[in-house]
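These notes are about the structure you will find just below.
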Amino acid sequence: MYFLYLIVAILAAILLVVAGITVAKLVAPRSFNPQKGEPYECGIPTHGRSWVQFKVGYYLFAILFLMFDIETVFLFPWAVVAAEVGTYALVSVSFFLFILILGLAYAWKKGALEWK
């Protein structure tokens, strides 16, 4: 019986997506202009190739930033309710911080924090 509910939900999802795309294609205004296909950056026409490779260090630095940004997002609510939860909250957040410190130490050891 639950399998039937799953099939109905999947079919309803597919139907709604197809209906949305179809209505958008029929109702949306169309304007064909070759300038829309050109790369655009800050209003300045591009010179040369638009596809440029970036150093992997930029991506590693961004991932590390996100890791510690997420740490802040998780620590703030914990700090608000830490007194109510008690010792379990302290142990849990200590484990969480330990894992993040291990990640930082690994990145530091690999040289991901150095601009070369």
statement: Protection proxy (average C-beta count within 10 Å per residue), highest first, orders 26-33, 80-87 as 80-87, 26-33
field: Leading residue at positive end of dipole, the chain (Cβ point charges), from Val52, Ile101, Tyr88
entry: Val52
- prompt: Between the range 1-16 and the range 73-94, what's the alpha-carbon centroid distance in Å?
  reply: 40
task: Taking the Cα centre of the chain as origin, sum charge times position over the Cβ atoms of Lys and Arg (+1) and Asp and Glu (-1), and report the length of that vector in debye to the nearest 20.
output: 520
message: List the residues, sorted by chain then number, that are 5 or more residues from Ala112 or on another chain and whose placed amide H is less than 5 Å from its amide H.
response: none
- prompt: Once a ≥ b ≥ c are taken as the square roots of the eigenvalues of the Cα gyration tensor of the chain, is the result rounded (a/c under 1.5), prolate (a/b larger than b/c) or oblate (a/b not larger than b/c)?
  reply: oblate
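None of the figures in this text is laboratory data; all of them are computed from the coordinates on show. What you see is a predicted model, and the numbers here were worked out from it, not measured in a lab. Ideal geometry is used to build each Cβ from the backbone, glycine not excepted, and the neighbour counts take in all protein chains shown.
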